[in-house]
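The values are calculated or read from the model by the stated rules, or taken from the named source; none is laboratory data. No experiment lies behind these values; they were computed from the predicted model shown. FYI the Cβ positions are ideal-geometry reconstructions off the backbone, even for glycines, and counts take in every protein chain you see.
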Amino acid sequence: MPGPSLSTTLRIAILAAALPLAACATQPVLETAAKGPAFVPERFFVGRTLAEGEFVNTIDGSRRGLRATIDGRWDGRALTLVENFVYSDGERDRKTWVLTKTGPASYSGTREDVIGTADGRLDGPVFRLAYIATVKTKQSSVDVKFDDVLGLLPDGSGLNRATVSKLGVKVGEVTLRIRHGR
């Protein structure tokens with residue numbers, strides 16, 4: 001019996017190359033927030049908020065918990081968010097977002113580790129923020145794309161779900177519950 005034809009071998013090779021793309025990054029969904037009031041960042045984040053959640057590595061299944069204290073200030077044009085993170089492994093980090101309102105439903109954002117600017121927009125009841133950031137690892141650093149979606153939950157707290165991808169392939173997910181704090 002003869003072996004597979006060249007066209008069959010080529011099809012198998014294309015299918016094998018395309019399989020990793022089956023896990024391509026898609027924007028996260030917030031079903032709970034889809035029916036609620038709009039998440040407006042300059043309203044929600046003024047003052048102190050507390051976030052708690054985790055990063056899930058979708059490649060190896062590992063998880064890393066995190067907590068953040070976020071202090072927000074709105075000056076009528078820009079929202080400044082000072083984020084102080086504590087990770088489950090003891091690492092600490094501080095980041096500062098500046099989200100400038102550029103239109104009725106659009107924002108431009110900067111942060112220390114963001115390459116270029118982040119694009120934010122109100123999309124019905126949710127706020128979407130897309131950006132590329134340099135994430136430091138123990139050995140090096142890597143540039144990854146974040147697609148964040150933030151929405152309000154029925155109890156007034158916020159939910160942030162983010163898809164993290166590299167070259168269009170999903171490598172992680174972040175889920176944060178955000179509540180007003182002191």
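Just to be sure before I move on: is D143 of a type in the set (D, E), within 16 Å of the chain's Cα centre (by Cα) and closer than 24 Å to H180 by Cα in the structure I sent?
So D143 does not fit the description; no.
Filter region 129-147 down to the residues that are of a type in the set (D, E, K, R), part of a strand (DSSP E or B) and either free of Cβ contacts under 8 Å to residues at least 24 places away in the same chain or surrounded by fewer than 18 Cβ atoms within 10 Å (Cβ to Cβ) (or both) and list them by number.
If the condition is that a residue be of a type in the set (D, E, K, R), part of a strand (DSSP E or B) and either free of Cβ contacts under 8 Å to residues at least 24 places away in the same chain or surrounded by fewer than 18 Cβ atoms within 10 Å (Cβ to Cβ) (or both), then K136, D143 are the ones that fit.
Residues in region 148-165 that are assigned to a strand (DSSP E or B), of a type outside the set (G, A, S) and more than 13 Å from the chain's Cα centre (by Cα): how many?
Adding up the residues that qualify gives 1.
Can you work out which of the residues in region 159-182 that are of a type in the set (G, A, S) and at pLDDT 95 or above is nearest to V56 (Cα to Cα)?
G172
From the list T96, T58, T49, pick out the single residue that is under 15 Å from G158 (Cα atoms) and surrounded by 12 or more Cβ atoms within 10 Å (Cβ to Cβ).
T49
Can you find a residue in region 99-120 that is exposed (fewer than 13 other Cβ atoms within 10 Å of the Cβ), among the polar types (S, T, N, Q) and assigned to a strand (DSSP E or B)?
Checking region 99-120: at least one residue is exposed (fewer than 13 other Cβ atoms within 10 Å of the Cβ), among the polar types (S, T, N, Q) and assigned to a strand (DSSP E or B).
Looking only at region 33-87, how many residues end up being in contact with a Ser or Thr (Cβ under 6 Å, 6 or more places away or on another chain), small (G, A, S) and within 14 Å of W97 (Cα to Cα)?
Here the count works out to 1.
Can you tell me which of (1) out of contact with any Leu (no Cβ under 6 Å at 6 or more places or on another chain); (2) at pLDDT 95 or above; (3) polar (S, T, N, Q) is the one S140 doesn't meet?
Failing condition for S140: (2).
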